[in-house]
């Protein structure tokens, strides 16, 4: 149910508007004081404000200006009521951010038409904003995931580099020694070193290769867990 705040210092007009809106199942708040109305708008955050321009305390322009300056009330639809028909008055209200203008006297159809038009407009805008906000969040999440995947890929490469450094060094030494005149015992020892370091390197490459399969957004949570397990160096 949409809520409508009506601020009008003429008791008869205020009562009539309230009754018309309530008959259409709108939740209606009414006040003859612009100061009270401004406070109600900030506290109740209605879906629509209908406000007279000429008021004894704050005029309607001041009420609208104050609402537009507050984050919580800045987007509340606003309809002016006025006995003035001068175009400059209408333009001034629109420049302040009013959504519509009803000149007294107005019919029930004109009032309800303006109310329904404003509420429908802001409902569409709210849905569009929500969709855009969700899309922005999705894009931001994708960017964060891409950045995290890039960082994880860097971690894998670093682990691979560190893990291969020692085996490659031992393989290089063993290969050099096997070219020398060695006793059978030393020859067998360096062959064993080669076999051990080759097996170690192969195991490390297989482990890193297995982790690389998780370098995609759908498996990033699994990769986070697996990277917590230290690759033996």
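Determine, yes or no, whether residue 126 is assigned to a helix (DSSP H, G or I), loosely packed, with under 13 Cβ neighbours inside 10 Å, modelled with pLDDT of 90 or more and not assigned by TED's automatic domain parsing to the domain that holds residue 10.
Details: assigned to a helix (DSSP H, G or I): yes; loosely packed, with under 13 Cβ neighbours inside 10 Å: yes; modelled with pLDDT of 90 or more: no; not assigned by TED's automatic domain parsing to the domain that holds residue 10: yes.
Here the answer is no, as residue 126 does not meet what is asked.
Going by what's in this entry, would residue 148 be described as without any contact (Cβ under 8 Å) to a residue 12 or more places away in the chain, surrounded by 11 or more Cβ atoms within 10 Å (Cβ to Cβ) and either within 30 Å of residue 55 (Cα to Cα) or touching a helix residue (DSSP H, G or I) at 6+ places or on another chain (Cβ under 7 Å) (or both)? Even if it seems obvious, please write down each step before you answer.
Values: without any contact (Cβ under 8 Å) to a residue 12 or more places away in the chain: no; surrounded by 11 or more Cβ atoms within 10 Å (Cβ to Cβ): yes; either within 30 Å of residue 55 (Cα to Cα) or touching a helix residue (DSSP H, G or I) at 6+ places or on another chain (Cβ under 7 Å) (or both): yes.
Considered against the rule, which asks whether it is without any contact (Cβ under 8 Å) to a residue 12 or more places away in the chain, surrounded by 11 or more Cβ atoms within 10 Å (Cβ to Cβ) and either within 30 Å of residue 55 (Cα to Cα) or touching a helix residue (DSSP H, G or I) at 6+ places or on another chain (Cβ under 7 Å) (or both), residue 148 comes out as no.
With the condition being farther than 20 Å from residue 101 by Cβ, I'd like the strands (runs of 3 or more DSSP E) fully within region 1-64 carrying at least 2 qualifying residues.
Working: elements: 3-7, 27-31, 48-52.
Counting at least 2 such residues, we get 27-31.
On the given criteria, is residue 121 closer than 30 Å to residue 24 by Cβ and surrounded by 11 or more Cβ atoms within 10 Å (Cβ to Cβ)?
Details: closer than 30 Å to residue 24 by Cβ: yes; surrounded by 11 or more Cβ atoms within 10 Å (Cβ to Cβ): yes.
Yes, satisfied.
So which residues in region 11-32 are touching a helix residue (DSSP H, G or I) at 6+ places or on another chain (Cβ under 9 Å) and under 16 Å from residue 60 (Cα atoms)?
30, 31, 32
Please go through region 12-44 and give me each residue that is within 12 Å of residue 112 (Cβ to Cβ) and in contact (Cβ under 8 Å) with a residue 12 or more places away in the chain, ordered by number.
Scanning region 12-44 gives 17, 20, 21, 24, 25, 26.
The values are calculated or read from the model by the stated rules, or taken from the named source; none is laboratory data. The shown structure was predicted, so the numbers you read here are calculated from the model rather than taken from an experiment. Every residue, glycine as well, gets a Cβ built from its backbone with ideal geometry; the counts of neighbours run over all protein chains shown.
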